[in-house]
1. Lysines near K69 by alpha-carbon distance under 24 Å, same-chain residues fewer than 8 away left out - which ones?
2. Do any chymotrypsin sites (Phe, Trp or Tyr not before Pro) in the chain lie in a loop, going by DSSP, with at most 14 other beta-carbon atoms within 10 Å of their beta carbon, and if so which?
3. Under a straight-distance cross-link criterion of Cα-Cα below 19 Å, which aspartates and glutamates are reachable from K64, leaving out those fewer than 8 residues away in the same chain?
Amino acid sequence: MKEPRKNIDVNTIGVLNILEALKECRSEASFVHIGTTTQYGSLIYEPADENHPEFPADIYSANKVVGEK
């Protein structure tokens, strides 16, 4: 990855900024977070669901996991 800090800023800090803005505005808007299948790494079972353990395959996937939490 050429720019790991930028990846963290977008996929982790960016999500936090959006959620804080929604909270401050008391918005009725919904927030949909899009993840990636690589957050799960090698699947233990298929199809994977929201209860499947996450084993991020790379830094991008790890940042998506953090942003989702």
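Every read-out reported here was derived from the displayed coordinates using simple, explicitly stated rules and does not represent laboratory data. Keep in mind it's a predicted model, so treat the numbers as computed, not measured. Cβ sites come from the backbone with ideal geometry, for glycine too, and all protein chains shown count toward neighbours.
1. Cα-Cα hits under 24 Å: K6, K23.
2. Details: sites: F31, Y40, Y45, Y60; in loops: F31, Y40, Y45.
Answer by residue number: F31, Y45.
3. Result set, ordered by chain and number: E3, D9, E20, D49, E50, E54.
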